[in-house]
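What follows is a short report on a single structure.
The values are calculated or read from the model by the stated rules, or taken from the named source; none is laboratory data. Predicted model only: the values in this text are computed from it and were never measured. Reconstructed Cβ throughout: ideal geometry from the backbone, glycine too, with neighbour counts over all protein chains shown. Quick note on the areas: whole protein, heavy atoms, side chains included, nothing else; ligands and nucleic acids left out. Shrake-Rupley method; radii C 1.70, N 1.55, O 1.52, S 1.80 Å.
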Amino acid sequence: GKPGDGSSALQRLVLQKTIGQAVQLGVWRDGATVQLAVKTAELPSDQPLSIVVHVPPQEAESPEAAGLAVAMANYFENRARRLEHELRELFRIGRRSLAIGTTVLLICLAASQLVGNLMPNPTAARIVEESFILVGWVANWRPIEIYLYDWWPIRRRLRLYRRIAEAPVTVNAA
């Protein structure tokens, strides 16, 4: 193993491992080194969180430490509200983009039929028809991207922030 300088070094070490990887840890407990065999894992999304904050002993009884739970809950609840707003805005843009994209697609489909019937050269007519259809579908790229992919990471972060805001916070003297 690698010697560390505290919990932040341990956190960095664990974060370098892949999920499911076995890790041997030697930790100092009650005046002796204890060997631990652990396996890294993600906390399942249905499991409750709890937050433990370690502060110097002289700060553990301070008013700031006493208000830490409320401050953290307020901070992450505020972040969650911002993400809700961001998600609503994304869906608003998606609706507007979808309306524009659908209109462009309908116009392009009509134009491809009209141009195809007016051009004397069948090969050129086919190229123009397909070009109009392609432009029509490209106009729908952004709304499709929004509704299929863009909202997932925002919703995932929103759920995480809500979980953190609801988590009990314990302040321990380190």
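Structural remarks
- Top-ranked residue of segment 77-92 - restricted to ones that are open to solvent by 40 Å² or more (accessible area, probe 1.4 Å) and in contact with a Lys or Arg (Cβ under 9 Å, 6 or more places away or on another chain), ranked as nearest to residue 163 (Cα to Cα): 77
- Candidate set: segment 149-174, residues that are open to solvent by 60 Å² or more (accessible area, probe 1.4 Å) and among the aromatic types (Phe, Trp, Tyr); chosen: the one farthest from the chain's Cα centre (by Cα): 149
- Residue selected from segment 55-72 under the condition within 26 Å of residue 157 (Cβ to Cβ) and more than 20 Å from the chain's Cα centre (by Cα), by the criterion most open to solvent (accessible area, probe 1.4 Å): 70
- Qualifying positions in segment 28-54 - modelled with pLDDT of 70 or more, part of a strand (DSSP E or B) and either β-branched (Val, Ile, Thr) or open to solvent by 100 Å² or more (accessible area, probe 1.4 Å) (or both): 33, 34, 35, 38, 39, 51, 52, 53, 54
- Residue within segment 135-148 that is among the charged types (D, E, K, R), open to solvent by less than 80 Å² (accessible area, probe 1.4 Å) and assigned to a helix (DSSP H, G or I) present: yes
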